[in-house]
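Coordinate-derived values only; no laboratory data. All values derive from a computational prediction rather than experimental measurement. Reconstructed Cβ throughout: ideal geometry from the backbone, glycine too, with neighbour counts over all protein chains shown.
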Amino acid sequence: MGHSNCQEWATRARAVMPFGSSTCSKSPRYLPEEPGAIVRGKGCRVWDADGREYIDFRNGLGPVTLGYCYPATDEAIRRQLEDGIVFGQPHPLETEVAEMICEVIPCAERARFLKTGGEANAACIRLARHHTGRDHVVQVGYNGWLNSLAAGGRTLPRMEATSSPPGVPRALSALHHSCGWNNAERLEGLFAEQGDQIAALVIAAGYPDMGAGKTFYPLARDLTEKHGTVLIYDEIVTGFRVALAGVQEHFGVTPDMAVFAKGVANGMPLSVYCGKAEIMEGVHEAIVSSTYGGETLSLAAAKATIETYRNEGVIDHLWRMGEKMWSACNAMYKEHGLPLEWRGYWPCPQIVAGPDAPADLHEQFLRACYANGLSFYQCNYVTFSHKEADIDEALERMENACRQLAAGV
Ligand SMILES: Cc1ncc(COP(=O)(O)O)c(C=O)c1O
C-alpha cells in the first residue's frame, strides 16, 4: 500500500492526543478503511485526507441535521461574523433564539444557552437539586461525560461502567442511579425505595427501541409527579429530529425541563436548557453561568436552522429519507443472509446484529461500508441534504458492501 495521508494524520494524532481525538467516539477504530482524517464536508458527503469521498451518516455524531455547509446557516454565520462574535452584554440574538425555543418546545417557559449537551444536563440537575432540596438523581442512557457518575451507568454512548466510574468520588457516585431504557421494574423499584430523596429523573431515549417511549414516558411522568421529582428529558439526539420538539412532542408527555444540543444549530456548538419558570428562575441562587453562553455565531446559526425547520418540512424529510434508506438496507441484509438490522425510529436508528451473528460482524460491516464510500456510526442519521438521488446512490454502495460481506461471512 502506498503513502496514506489518513494513516499519517492518525499516527500524528495518537502521538499527541489520547484516543487520537478530543471526542472518544470519533477516534478511528477501523483503519485503513475508515478515514483517519476528514478534511471537508458538503451536503451529505465528506472527503478524507486522501481525497476519498463518502456519503455520510455520522454527521459529526449528530449535530449536522441540515447538511454540511448548508447555505442558510452558513450565510447567517458569515453575516454575524461581520458584527462580532461575543460581547460583554447580551446580543438581541440571545433573546430571539430563547423566544423561539419557548415558542416551539412545550416544556419551555424559560430557556438559557451553554455550549455542550453534557453541560446543559448538568445545569438541569443542579437546578432540580436546588428546586427540590434533594440530592439523588436517576439517569437513563448517556447524558454526557460530566454526568457519567452512576455505577452501572453509561460512560460513553456505547460503554457502561461496571462499578463507580474511574475518577468519580464514591460519595458522589452513590447519589446517582442508573436505570435502563424502558426498564419499568427498575424505575418503579428506585422510586419505591427512595422516591422522596430523588431530585431528578433524566431520560435519554434508547435508539433501537424508541417506540417503548409510548409507555415509558407516561410511567416516568406519573412516578415523578407522585414523588415531587423533576422530570428532565435529554433531547440531545431526539430534539429537532424525531419531531421539532423531540420526544415530548412525539409522545405528548411534557417534562419539567429539557436539554437540546445536536440539531439546534446545524453543527455550531450550542446547547439549550429550558423548562418551567419556577425551576429555571432558581438559577439566581443555584448559579449556572458561562462566558460563551451567548456566543453569537452559534445563535445566528440556531435562528437560521430553526427557521429552516419550521418553513421547509425538515422533520418530514428526515422520516421519509430515513425510511427509504434503512428499510431498503434491512431488505438487502435479509436477501444476503446477513444477520443485521436497523432498528428504531427512521431519523435515528441503530444497527443491531442478530444473536447468532459472528462476534466481528459489526466491525466487518463497517469496514465494508467505508471501503465502498459509506460512513456509518452506531446511531445513524439522514440529514435534510440527503436527497432521493443520494439515498439511491448510498443503496447501490450498500449493495456492493453486502455482496463483499456476504462472500466473507
Ligand atoms: C443523549 C446524549 N446526551 C448527552 C450527550 C453529551 O453531549 P455533548 O457531547 O455535547 O456534551 C450526548 C452526546 O453524544 C448524547 O447523545
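Determine whether region 154-174 contains at least one residue that is in contact with a strand residue (DSSP E or B) (Cβ under 9 Å, 6 or more places away or on another chain) and within 21 Å of residue 256 (Cβ to Cβ).
no
Quick check on region 238-248. Is at least one of its residues over 21 Å from residue 321 (Cα atoms) and buried (at least 22 other Cβ atoms within 10 Å of the Cβ)?
yes
When only residues in region 144-186 that are more than 13 Å from the ligand (Cβ to nearest atom) and among the charged types (D, E, K, R) count, which is farthest from residue 208 (Cα to Cα)?
The qualifying residue farthest from residue 208 (Cα to Cα) is 170.
Taking helices (runs of 4 or more DSSP H) that fall entirely within region 193-304, which contain at least 1 residues that are within 16 Å of the ligand (Cβ to nearest atom) and either among the basic types (Lys, Arg) or over 25 Å from residue 134 (Cβ atoms) (or both)?
Where helices (runs of 4 or more DSSP H) fall fully within region 193-304 and carry at least 1 residues being within 16 Å of the ligand (Cβ to nearest atom) and either among the basic types (Lys, Arg) or over 25 Å from residue 134 (Cβ atoms) (or both), they are 213-227, 246-251.
Just checking, how many residues over region 137-188 are of a type in the set (Ser, Thr, Tyr) and either free of Cβ contacts under 8 Å to residues at least 12 places away in the same chain or surrounded by fewer than 20 Cβ atoms within 10 Å (Cβ to Cβ) (or both)?
Residues meeting the conditions: 5.
Give the residue, chosen from 224, 254, 215, that is in contact (Cβ under 8 Å) with a residue 60 or more places away in the chain and among the hydroxyl-bearing types (Ser, Thr, Tyr).
The unique qualifying residue is 254.
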